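Data block below; observations after.
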Amino acid sequence: METDPLPRTHDRLTRRSLLVGIGAAGGAGAMYAAMGVLGLAPTPRTAPVPAVGGAAAPTPYVPPQPSDFSLRGGRPASVLVLGAGVAGLACAYELGKAGYDCTVLEARDRVGGRSLTLRGGDTVTELPPANAAKGAATKAGETQQVTFGEGTYFNAGPARIAQWMVTLDYCRELGVPLEVFVNTNASAYILTEGMTAPVRARTARADAYGYISELLAKATDAGALDSRLTQADKERLLDFLSRFGAIGEKSLAYTGGERRGYRVNPGVGPGTELGTPPSLTEVLSRNLGRMLTMDAGYEQAMPMFQPVGGMDAIVRALAAKVGARRIRTGTRVTRVTNRPDGVEVEVEGGASLKADYCVAALPPHLLAGIPGNLGADVKAALATPVPLSAGKLGLEYGVRWWEIEDRVYGGATETDLDIGHIWYPSYGYHGERGLVVGYYNTGRDAEVYDPLPHRERLRRGLAQGRRVHGVKYGRNIRGSVSVAWRRQPFIEGSWVRWPSMSGFSLLQRPAGRVYFAGDWLTHLIAWQAGAFESARKVVTELHHRVLKEG
Ligand code: PHE
């Protein structure tokens, strides 16, 4: 069973340090690029100053601007952008700031790519399952009608934004209002196959911290760690552990306590605590490692944010800035040809469009299959990243039972069942209805749900969810919709994994006049921020080239 939603790119340390590397290279900024070209650059830039907390201060990104041309007398080029996901839209938006003539070609009938927010009245059509009988590939798969009520939305793709991500800068710039996305909640539940019943996250944490502290304290006290610890270390460690695990000061034993929670909450009366914890053996058998560390990931720490009213507010704002007349939805690219003086892009139906440059912001595995003359090495590089599966089920309930009965306001239940995570909504508190993400799974867990028709996904997801919440998980459901990202037309994957990094650097450079952009070209795969960072890098380089070559 897939237990880690992380895109398995490569070593995490490399991933992070390379991100900084790319940021430094890509964010160099059109200003310096342009100034260098114009011979105006002053002293060479110094190395980025480390910010408090460790991460290097980002080199400021400077968007292309019309004055870059007025100094030099060149002109903004024409650019065909392939794909109206976050990367493609961001490229068109940024280039548009300097007057570039961009046209965005999008195969789907809506913009946003994976940044998909579903509301009542929407439809979701999937490709047939991969293992369907031969010939089925030509047929469309199932279509779901979304029946959610007014005000209910379901972020079927990206849903949470970390504070450090550039996505928040775009929200500021575009005027997209934000609210907190509750990513962890001590009152939400944990259920693993090693447990007979779900427990609240706070209870699981108290027991795990308690017993680990007891073991370490007793070992320390017995002198087992004397080769590592001075007398002063030992005292400090014991002091730390007494607080960390809430263990007895003399006994060093963990016997539970109010951190586990209450059966009857305190009020006028003192309340009734949950009581004695389960045995050490039972707690260890719970397999809590991942469950208790989800928010320790650099990307997942609270507070996180979401746009008010749905994640697609970002792509909608970008599309509005780019302008509807520059975006052609329902337009499938069938050939990409580099010419000495421009790029030619053929679209379904036979029309051919020409521009000075092209930014290909499609999923690499789909781009790899589009004919043209990008070259064998580029094609091989594009075919290297492996598309992965992720799935989400949106469940609209007529009663917010998680708030009323369970006192859970937002956050996530963590499981190692095939449903992965259950998310409670971070909006609409106390409303009449509410949208629970009935499952959010990845990897092999998602592959179990991928081939199923919606009603089977629903049945299976509800059966698993009942193990956490009991019968109420299946009651009062007003509407539901599921998305298997592997089966989304013109996307065909949740995100990608690079089995080897070969090809990664090749695609950082243009193939002739064709540039590549997307989260898959960054160390922020599976984040909109990756798409934005990649777009900024490509825009900076393309603009630099146009200023230089005219
Ligand atoms: N960005 C996605 C999410 O937050 C996928 C992801 C999960 C990426 C965990 C990295 C870590 O769910």
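Just add up the charged neighbours of residue 480: K/R +1, D/E -1, any other residue whose Cβ is under 10 Å from the Cβ of residue 480.
Working: positive: 455, 457, 478; negative: 396.
Once all neighbours under 10 Å are counted, the net charge is +2.
Taking the fewest neighbouring Cβ atoms within 10 Å as the starting point, the ordered list for 221, 356 is 221, 356.
Write out the GluC sites (Glu not before Pro) in the stretch 292-379 meeting two conditions: DSSP loop, and at most 13 other Cβ atoms within 10 Å of their Cβ. Write down the numbers at each step before the final one.
Working: sites: 299, 344, 346, 348; in loops: 299, 348.
Of the GluC sites (Glu not before Pro), the ones in loops of the stretch 292-379 whose Cβ has at most 13 other Cβ atoms within 10 Å are 348.
Step by step: find N for the stretch 489-550, compute 2.2 N^0.38 Å, then divide the Cα radius of gyration by it. What's the final number? Walk me through the intermediate numbers first.
On the way: Rg = 12.9 Å, N = 62, 2.2 N^0.38 = 10.6 Å.
Computed over Cα atoms of the stretch 489-550, the ratio equals 1.22.
Two numbers describe the Cα atoms of the stretch 240-306: Rg and Dmax, which are 15.6, 46 Å. Placing unit charges on the Cβ atoms of the charged side chains and taking the dipole of the chain about its Cα centre, the candidate lying farthest along the positive direction among 242, 212, 463 is 463. When only Cα pairs below 8 angstrom with a gap of at least 6 residues are kept, the stretch 493-542 shows a relative contact order of 28 percent.
Only helices reaching 24 angstrom along their own axis (Cα) with mean Kyte-Doolittle hydropathy no lower than -1.0 count here, and for the DSSP H runs of the chain these are 201-221, 528-549. Amide H to amide H distances under 5 Å link residue 372 with 336, where only residues 5 or more positions off or on other chains count and H is placed in the peptide plane. Taking every DSSP bridge with both residues inside the chain, close to 75 percent are antiparallel. The distance separating the Cα centre of the stretch 417-437 from that of the stretch 167-230 comes to 21 Å. Loop-located chymotrypsin sites (Phe, Trp or Tyr not before Pro) across the stretch 342-447 with a Cβ neighbour count of 14 or fewer within 10 Å are 429, with loop assigned by DSSP. Between residue 239 and residue 251, residue separation times 0.36 nm minus the direct Cα-Cα distance comes to 3.0 nm. Residue pairs exceeding 29 angstrom between C-alpha atoms, taken from 354/392; 392/537; 97/354; 97/548; 354/379: 354/392; 392/537. Counting only residues at least eight positions apart within a chain, or on another chain, the lysines with an alpha carbon under 25 Å from that of residue 234 are 218, 250.
For the chain, what relative contact order do you get, as a whole percent, if you take Cα pairs closer than 8 Å and at least 6 residues apart? Taking the mean separation of contacting Cα pairs over the length of the chain, I get 23 percent.
As a footprinting exposure proxy, order 548, 379 by other Cβ within 10 Å, with the fewest listed first. Walk me through the numbers before you get to the answer.
Working: 548 14, 379 19.
So the residues, fewest neighbours to most, are 548, 379.
Taking the Cα centre of the stretch 380-457 as origin and charging only Cβ (+1 Lys, Arg; -1 Asp, Glu), how large is the dipole, in debye to the nearest 20?
Numbers: 7 positive and 12 negative charges, 44 e Å.
Dipole of the stretch 380-457, to the nearest 20 debye: 200 debye.
The charge dipole of the chain, taken about the Cα centre with unit charges on the Cβ atoms of Lys, Arg (+1) and Asp, Glu (-1), comes to about 740 debye, rounded to the nearest 20. When the Cα positions of 542, 434, 508 are compared along the charge dipole of the stretch 412-550, 434 comes out farthest toward the positive end, with charges on each C-beta of Lys, Arg, Asp and Glu.
Positive end of the dipole of the stretch 220-379, charges at C-beta (+1 Lys, Arg; -1 Asp, Glu), about the Cα centre: which of 310, 343, 375 has its Cα farthest in that direction? Checking the options against the dipole of the stretch 220-379, the answer is 343.
So what's the net charge close to residue 86: Lys and Arg +1, Asp and Glu -1, counting the other residues with Cβ under 15 Å from its Cβ?
Working: positive: 108, 110, 114, 160, 316, 321, 536, 537; negative: 94, 106, 169, 173, 312, 519, 533.
Residues near residue 86 contribute +1 overall.
For the stretch 439-550, calculate the relative contact order in percent as a whole number, restricting contacts to Cα pairs under 8 Å that are 6 or more residues apart. Mind dumping the intermediate values first?
Numbers: 75 pairs, mean separation 15.1, N = 112.
Computed over the stretch 439-550, the figure is 14 percent.
Our Cα-only numbers for the chain put the radius of gyration and Dmax at 26.2, 82 Å.
If you take the C-alpha gyration tensor of the stretch 90-223, multiply each eigenvalue by 5 and take the square root, what semi-axes do you get, largest first, in whole Å? Could the numbers behind the result be given before it?
Numbers: eigenvalues 377, 143, 58 Å².
Over the Cα atoms of the stretch 90-223, the semi-axes work out to 43, 27, 17 Å.
Taking the Cα centre of the stretch 309-441 as origin and assigning +1 to Lys and Arg Cβ atoms and -1 to Asp and Glu Cβ atoms, the resulting dipole is close to 720 debye.
Bear in mind these aren't lab numbers, they're just calculated from the coordinates by the rules spelled out. Treat the numbers as computed from the prediction; the structure is a model and nothing was measured. Cβ coordinates were reconstructed from backbone atoms using ideal geometry, including for glycine residues, and neighbour counts include every protein chain displayed.
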